[in-house]
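A short reminder: the numbers here are calculations on the coordinates, not readings from a lab. Being a predicted model, the structure only gives us computed values, none of them experimental. Cβ placement follows ideal geometry from the backbone for every residue including glycine, while neighbour counts extend to all protein chains displayed.
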Amino acid sequence: MITYQAQEVDLPVLDLPHTTAWITRVAADYGKRIGEIAYLFCSDERILEVNRQYLQHDYYTDIITFDYTQGNRLSADLFISLETVGSNARLFQTPYDEELHRVLIHGILHLCGLHDKEEGEREQMEAAENRALEMR
């Protein structure tokens, strides 16, 4: 089950059944099933608060993923700052809708085992994001 909630912001305009089906297909491509996934859309200030409180990081980010996955069943809380998504869309000169979907699937790809911190991983993550976006 995938849920979508907003804290301190308006819920973004998404075709929820289509988005849920897309996320489920991407997870299945990695041999994973959807368990309990909660997307929590929020402001920059809220994501900074979460980053400080739970990760001891003092910076803004577009997404924070709290992974509760067991085996092949993906479960997580994913906080997404809609303000940072908008800033990144402008920075990368990409449509907001595309950047939002990239961030939505980025968290799922992390749950599927992809990383983006070490050398070469960022390119692999970006390629996986692009493949997933083509599946929309």
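Under the simplified labelling scheme, the E45-D15 pair shows an inter-label distance of 3.5 nm, with each label point 7 Å from Cα along Cα→Cβ. Which percentage, to the nearest 5, of the DSSP beta bridges contained in the chain is antiparallel? Approximately 30 percent, going by the DSSP bridge assignments. Here segment 3-69 is assigned +1 on the Cβ of each Lys and Arg and -1 on the Cβ of each Asp and Glu. Its dipole about the Cα centre then comes out at about 360 debye. Between F41 and Q5, A6, Q7, I80, the built amide H atoms are under 5 Å apart, and every one of these is 5 or more places off in sequence or on another chain. Sites listed here are chymotrypsin sites (Phe, Trp or Tyr not before Pro) in segment 1-108 whose DSSP assignment is loop and whose Cβ has at most 11 other Cβ atoms within 10 Å: Y59, F92. Comparing L14, L82, T3 along the charge dipole axis of segment 2-134, the residue lying farthest to the positive side is T3, per the Cβ-charge model. Which net charge results when you count Lys and Arg as +1 and Asp and Glu as -1 among the other residues whose beta-carbon is under 15 Å from that of R52? Local charge sum for R52: -3. Taking θ as phi - 60° and the Karplus parameters 6.51, -1.76 and 1.60, the scalar couplings of segment 102-107 work out to 4, 5, 3, 7, 4, x Hz in sequence order, x denoting glycine and proline.
Please state the charge dipole magnitude for segment 2-134, taken about the Cα centre, from unit charges on C-beta atoms (+1 on K and R, -1 on D and E), reported in debye and rounded to the nearest 20.
Working: 11 positive and 24 negative charges, 100 e Å.
With Lys and Arg at +1 and Asp and Glu at -1, about 480 debye.
Calculated [222 nm] ellipticity per residue, helices only, for the chain: -15500 deg cm²/dmol; basis is -39500 (n - 2.57) per DSSP H run with n ≥ 4, divided by all residues, nearest 500.
Summarising the label geometry, the points placed 7 Å from Cα in the beta-carbon direction at E123 and A38 lie 3.9 nm from one another. Between segment 19-36 and segment 116-136, what is the C-alpha centre distance in whole Å? Each part's Cα centre sits 16 Å from the other's. Coupling constants for segment 108-117 follow from the phi torsions by the Karplus curve (6.51 cos²θ - 1.76 cosθ + 1.60, θ = phi - 60°), and in residue order they are 5, 5, 4, 4, 7, x, 7, 10, 8, 9 Hz; glycine and proline get x.
The residues neighbouring V85, those whose beta-carbon lies less than 9 Å from its own, together hold a net charge of -2 under the Lys/Arg +1, Asp/Glu -1 convention. A cut-off of 5 Å between modelled amide H atoms, ignoring neighbours fewer than 5 places along the same chain, links R73 with R33.
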